[in-house]
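Below is one structure, written out as structure tokens; comments come after it.
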Amino acid sequence: MTPAAQLLIGLVFVPLSTALVAVLLPPRRRRWAVVLGGLAWPCLLVPLSMAVAREQSVVMVFGGWAPPLGIGWRLDALGLVVLWVHALAGIAALPSAWRRFDPDLPESGPFWSLWMILATGVNLALLAADLFNLYVALELTTLAAVALIATDDGIAALAAAMRYLLLAVLGSLMYVLGVGLVYAQTGSLAMHQPGIEALNNVALVLMLTGLMVKAAIFPLHVWLPHAYSNAPGPVAAIMAAVVGKAALVAFWRIWFETAEAPPAQLADFLGLIGAAALVYGAIAAYLQPRLKMVIAYSSISHFGFLLLLLPLASQQAFQGAGFHLLAHGLAKAAMFLAAANIVVVLGSDSIRHLPGLDKRMPLEAFTLALAGVTLIGLPPSGGFTGKWMLLSAAWETGGWFWLVLIVLSGLMSAAYVFRILALTCFHPARRAVHHLHPRPPKITSLAALTLALLAVVIGLYPHPVLDLLGAGMPGMVR
């Protein structure tokens, strides 16, 4: 086992151990465990990034038994990109979570344990090299996310958590049924073994449908808006940044690395679903009366946009989609953290209360504007780089319908982003809320602004990430 492969253990067992310690330690000592556990595993990504850039992937096998007999983990470029989003969003959300759930309070122990269990599940899902362990990781992620949503006060959060749980269980049943059919047919569940790619279409459709529920892809998205908008701010930031994306990465891996050349008709059909999601999510976001609901519905639109990778399936499309995962995750986490601060000060996230926000909370207003630049895809943001790569892929393959959709996605994103900015900066402030609550610590505002800035800065220096994604493309990408 190489030294880089040993580091993969830390990505899973450091947050898992922290979850156990957070329950056992007294409150005064819990704070240090939370800080060390939350910052320790992201440090492992630096040497792992160098290893993936050098070797294209890092593989670890447990017990010396190679798959399909043994259990293996594999970190590739796509998984590494999402892990970086997870690490950066988690670190930025830590001050907001600390303010909301003070580790010194005895009742906050379950929150921090669930937070670390969620990190464990997401990291394991991005490392899993077989279909069953991927299922276990996604279930761990789902259960932790459901419990974290329910930590918010009020019946709305509990209802959103129950809706998420029931639909996620349905998605899990479909996925595990597909996994059973795969094992019955091939005798193996490892993603990178000869023969596993010979899947029948029934098993493939079952697994992909289950993952579409987990990733909240239209029309199986109905749990997402209420879950994101009613969860505590830091929880919504992490969920929007990585939870759905972990399922989407699993979707791509099964499509490109496990399945054997899925039918072109199925790829086009899923592309049309993505097109419908893109339009529906943007229109719904424009019509929402609450800021957090606007941000939540825009995720549905962008997940549909990322489905366009399937019919395009080229090197540029893969690099663009992977880069868009990075930019979108950073921008969405920034927006939810800013929205959490707005709720604290104004007492509501109703967009009727946003006039005058640029003067009352300038950092939050600037964060929303910068993150909106990324969502629209304006240069020089990371969102522009990802969309430009997908646009180039559609041009080179002659996919004119997909090309028009990509252009349309930017215009539709601009509609709901500019609506929020117009209310925030240009609407008369007489309709604003005049009774303001105490501001949260400035570090929470700066953390959100840092993520929004990173989403723009990566567009100025995209080549390291694009080169990394280009070297680690799935074999079925043209």
Revision key, fill the gap. So Asp467 and Leu166, fully extended at 0.36 nm per residue minus their Cα-Cα distance, gain in nm 104.3 nm
Review point. Hey, can you rank 322-329, 142-149 by average C-beta count inside 10 Å, highest first?
Key: 322-329, 142-149
Check your understanding: Put a dot 7 Å past each Cα toward the Cβ at Ala159 and Asp268; how far apart are the dots in nm?
Key -> 4.2 nm
Exercise for review: Please give the length that would be gained between Val222 and Met50 if that part of the chain were fully extended, namely 0.36 nm times their separation in residues minus their C-alpha to C-alpha distance (nm, one decimal).
Suggested key: 58.0 nm
**Study point:** Computed [θ] at 222 nm, helices only, for the chain once each DSSP H run of length n ≥ 4 contributes -39500 (n - 2.57)
**Key:** -24500 deg cm²/dmol
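Which of Trp32, Trp41 has the fewest other C-beta atoms within 10 Å, and how do the rest follow up to the most?
Ascending number of Cβ neighbours within 10 Å: Trp32, Trp41.
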**Study point:** Full-stretch length increase - Phe418, Leu36 - with 0.36 nm per residue and alpha-carbon distance subtracted
**Key:** 133.6 nm
Review point. How high is the FRET efficiency between Thr2 and Cys43 when r is their beta carbon distance and R₀ equals 22 Å, given to the nearest 0.05?
Key: 0.75
Point to revise | Förster radius 45 Å - calculated FRET efficiency between Val407 and Arg28 (Cβ-Cβ, nearest 0.05) | key: 0.20
**Study point:** Sum of side-chain charges, Val242 neighbourhood, beta-carbon under 14 Å (Lys, Arg +1; Asp, Glu -1)
**Key:** +3
Review point. What ranking of Ile351, Ile283 emerges when the number of other C-beta atoms within 10 Å of each C-beta is taken as an exposure proxy, fewest first?
Key: Ile283, Ile351
Point to revise | Integer Hz, Karplus 6.51/-1.76/1.60 couplings in order for segment 403-410, x for Gly and Pro | key: 4, 4, 5, 5, 5, 4, 4, x
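Rule-based calculations on the coordinates, nothing more; no lab input. What you see is a predicted model; the values in this text were computed from it and never measured. In this analysis, Cβ positions are derived from the backbone assuming ideal geometry, glycine residues included, and neighbour counts consider all displayed protein chains.
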